[in-house]
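S.K.: Handing you a structure now.
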Amino acid sequence: MKCLFSSLICSEFQTTSPLHMPIYESEYRLNLRREKSREAISFAMESRWKEAVDINRSTIEFSFDYIEANNRLAKALFELGNYPRARLASHHSLKLFPRNVIAKKNRTRLDALDRQGHDFRRGA
């Protein structure tokens, strides 16, 4: 049996298709993703944006195509005033799923700031 924690660190693991993963690994990742999602949502509801950023980033590390974590990361970064990184997270969400409504909403907020002349290099 393969050690799950060393697998999470391995960059190969991120590119492994779920279809080729043993069942216990995919179940483990799914449960971990659910747990981290609940925690991230809880932080956001309490306006604990730094913690929300951290937990969403850690989720994305092992599940880079998880659109909800990317959207939550963009929102948390936006709330912290880190607009350049919020834009990157939104861009990544839209790259994964161009029709995602939340990612479009995040981008619209950032575009509005851009039109107001906000300097997006600040806070990067």
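S.K.: Counting only C-alpha contacts under 8 Å and six or more residues apart, can you give the relative contact order of the stretch 21-115 as a whole percent?
M.R.: Value for the stretch 21-115: 19 percent.
S.K.: Taking K and R as +1 and D and E as -1, what net charge do the other residues with C-beta under 14 Å from the C-beta of Val53 add up to?
M.R.: Net of charged neighbours comes to +1.
S.K.: Under a cut-off of 30 Å between alpha-carbon atoms, report the lysines in cross-link reach of Lys75, not counting same-chain residues fewer than 8 places apart.
M.R.: Within the straight-line cut-off, Lys75 pairs with Lys36, Lys50, Lys95, Lys104, Lys105.
S.K.: What spacing in nm lies between the two simple spin-label points modelled at Thr108 and Arg48, each 7 Å away from Cα in the Cβ direction?
M.R.: 3.1 nm
S.K.: Grab the beta carbon distance between Leu32 and Ile67, set R0 = 25 Å, and tell me the FRET efficiency rounded to 0.05.
M.R.: 0.90
S.K.: Stick to Cα atoms and the Kirkwood definition of Rh, then tell me Rg/Rh for the stretch 21-115.
M.R.: 1.01
S.K.: Right, here's the next one. Between beta-carbons, use under 15 Å as the cut-off and find the net charge around Tyr66, counting Lys and Arg +1, Asp and Glu -1.
M.R.: With Lys, Arg at +1 and Asp, Glu at -1, the net is +4.
We did not get these values from a lab; they are worked out from the coordinates using the rules stated. A quick note: this is a predicted structure, and the numbers were derived from the prediction, not measured. Counting neighbours? That spans all protein chains shown, and the Cβs are built from the backbone with ideal geometry, glycine included.
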